[in-house]
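Taken together, the values in this text are just the output of simple stated rules run on the coordinates, not laboratory data. What you are looking at is a predicted structure, and each value in this text was computed from that prediction instead of being measured. In this analysis, Cβ positions are derived from the backbone assuming ideal geometry, glycine residues included, and neighbour counts consider all displayed protein chains.
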Amino acid sequence: NPYLGFTNGDCKASFAHYQAVLGAKCVFISTWAESPMDDQAPGGDGSRIMHATLQFPDGSILMGGGLPAGYATPLGGFSLSVQAHDVAEAEALFAGLCEGGTVTMPLEKTFWAERFGMCTDRFGVSWMVNCEMRPPE
């Protein structure tokens, strides 16, 4: 399961955004203040998220949390990939994930997909949205 480490306090906002855009359900969330490590909270802010788990309708999991400085490197070198069932879903997912971020490849038809696009969201996470081609009926 992917784990996103945030050193800038964005875990709460990013996971709320992912819930709304991707239809995920938060199945666990804990702040630094709720842990015995409150004194180690990033920026001294115990209200920041220490750990959160999202579960998607297909059962897959995305975890993340706020990490103290030095425990995580900037997000990069990977992308989270989302598979859409149809073009309309791909367009909605892409629009939601790109909101406030940067499109690195516009969502468009490719030789392997009805739609494929890439972006970096406003939290610094790289995403790929793919809608595979369906065989002719």
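List of remarks:
- Of the chymotrypsin sites (Phe, Trp or Tyr not before Pro) found in the range 79-137, the ones in coil according to DSSP and having at most 11 other Cβ atoms within 10 Å of their Cβ are Phe111, Trp112.
- Cysteines of the chain lacking any other cysteine Cβ under 4.7 Å from their own Cβ: Cys11, Cys26, Cys131.
- Between Gln19 and Arg122, the contour length at 0.36 nm per residue exceeds the alpha carbon distance by 35.6 nm.
- Distant-in-sequence amide H partners of Thr110 (H built 1.01 Å from N, under 5 Å): Arg115, Phe116
- Candidates per trypsin sites (Lys or Arg not before Pro) in the range 98-131, loop by DSSP, up to 12 other Cβ within 10 Å: Lys109
- Karplus 3J(HN,Hα) series, Hz, for the range 13-27 with 6.51 cos²θ - 1.76 cosθ + 1.60 (x for Gly, Pro): 5, 5, 5, 5, 5, 5, 4, 5, 6, 9, x, 7, 10, 6, 9
- Cα-based Kirkwood hydrodynamic radius, the chain, one decimal, Å: 15.8
- Calculated mean residue ellipticity, 222 nm, the chain: -5500 deg cm²/dmol, from DSSP H runs (n ≥ 4) at -39500 (n - 2.57) each, averaged per residue and rounded to 500.
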